[in-house]
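Peer 1: Right, I'll just put the structure down here and ask away after.
Nothing in this text is a laboratory measurement; each read-out follows from the coordinates by a stated rule. Only a predicted model underlies this, so the values are computations on that prediction, with no experimental measurement involved.
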Amino acid sequence: MSFASAMVYVDPEQQEEGQIARERRRGLMVEAVMSRHPVCVDENATIEALVKEMDIHQISQVLVLRNRQVAGIVGRIQVLTALESRLRKPGQASRE
């Protein structure tokens, strides 16, 4: 079996932009990008309440609390996946 080698052209201008972006990230700390007021829901909240919080705050993930401690995180993808699974008829194949 033989493998052909390929030449890849990298635009010097794009390469320079990538280097600048890497240099800017290098000194960036989590504190600079974190949310200072995270949105949280209790683990017993309804999905409706969860989605309402996501919509109000225009976010895609929410911390889940149990006894005022972080128990997990849930995002829109997990909500949609769970709803799809629940709505799917028994024996019906997933779209994946």
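Peer 1: Apply the Karplus parameterisation 6.51 cos²θ - 1.76 cosθ + 1.60, with θ equal to phi minus 60°, to every residue of the range 11-22 and state each ³J(HN,Hα) to the nearest whole Hz, in sequence, with x for glycine and proline.
Peer 2: Karplus-based 3J(HN,Hα) across the range 11-22 equals 5, x, 5, 5, 4, 5, 4, x, 5, 5, 4, 4 Hz.
Peer 1: In sequence order, what are the phi-derived ³J(HN,Hα) couplings for the range 42-55 according to the Karplus relation 6.51 cos²θ - 1.76 cosθ + 1.60 with θ = phi - 60°, rounded to whole Hz, with x for glycine and proline?
Peer 2: Values, residue by residue: 6, 4, 8, 5, 7, 4, 4, 5, 4, 5, 4, 4, 4, 5 Hz.
Peer 1: Whole Å is fine, so just give me how far the alpha carbon centre of the range 58-74 lies from that of the range 39-54.
Peer 2: When both Cα centres are located, 9 Å separates them.
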